[in-house]
Amino acid sequence: MALMDEKGRVTFGKEDRKRYGRKFWILRLKDEIVLKPVPRDPVADLQRMWKEAGLNKYSIKQIKKMAEEEAEKEAWEGWKRSQRAGRK
């Protein structure tokens, strides 16, 4: 457990600082706050995530096209849901 002081600061022990570093992304969720360590090498971290997602086999142009197609599909599905809801 960690406590926040009057100025909004939270202090971490030496071992946690060594393990996670000193920079964190703050994710504000509905009913919780999550601290996500900023990677020491953000480029390497993005490359790892890119590879894990299987995107390293596609060109940027192909990924952009896939994203646009998915966004169009989601927009169309949302429109169809709104039309069905309007008829009730």
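Taking the numbered list (1) assigned by TED's automatic domain parsing to the domain that holds Ala2; (2) surrounded by 10 or more Cβ atoms within 10 Å (Cβ to Cβ); (3) over 15 Å from the mean Cα position of the chain (by Cα) in turn, Phe24 passes all entries but (3). Residues considered: Trp76, Trp50. Of these, the only one that is modelled with pLDDT under 90, part of a helix (DSSP H, G or I) and among the aromatic types (Phe, Trp, Tyr) is Trp50. Pairs meeting the criteria (first residue in the range 43-71 and among the aliphatic types (A, V, I, L, M), second residue surrounded by 10 or more Cβ atoms within 10 Å (Cβ to Cβ) and outside any helix (DSSP H, G or I), beta carbons under 8 Å, at least 6 apart or on different chains) are Met66/Tyr58.
Take the residues of the range 38-70 that are charged (D, E, K, R) and either in contact with a Ser or Thr (Cβ under 9 Å, 6 or more places away or on another chain) or surrounded by 11 or more Cβ atoms within 10 Å (Cβ to Cβ) (or both): which is nearest to Arg22 (Cα to Cα)? Restricting to residues being charged (D, E, K, R) and either in contact with a Ser or Thr (Cβ under 9 Å, 6 or more places away or on another chain) or surrounded by 11 or more Cβ atoms within 10 Å (Cβ to Cβ) (or both), the top hit is Asp45.
The values are calculated or read from the model by the stated rules, or taken from the named source; none is laboratory data. Computed from a predicted structure; not experimentally measured. Glycine also receives a Cβ, built like all others from the backbone with ideal geometry; neighbour counts cover every protein chain displayed.
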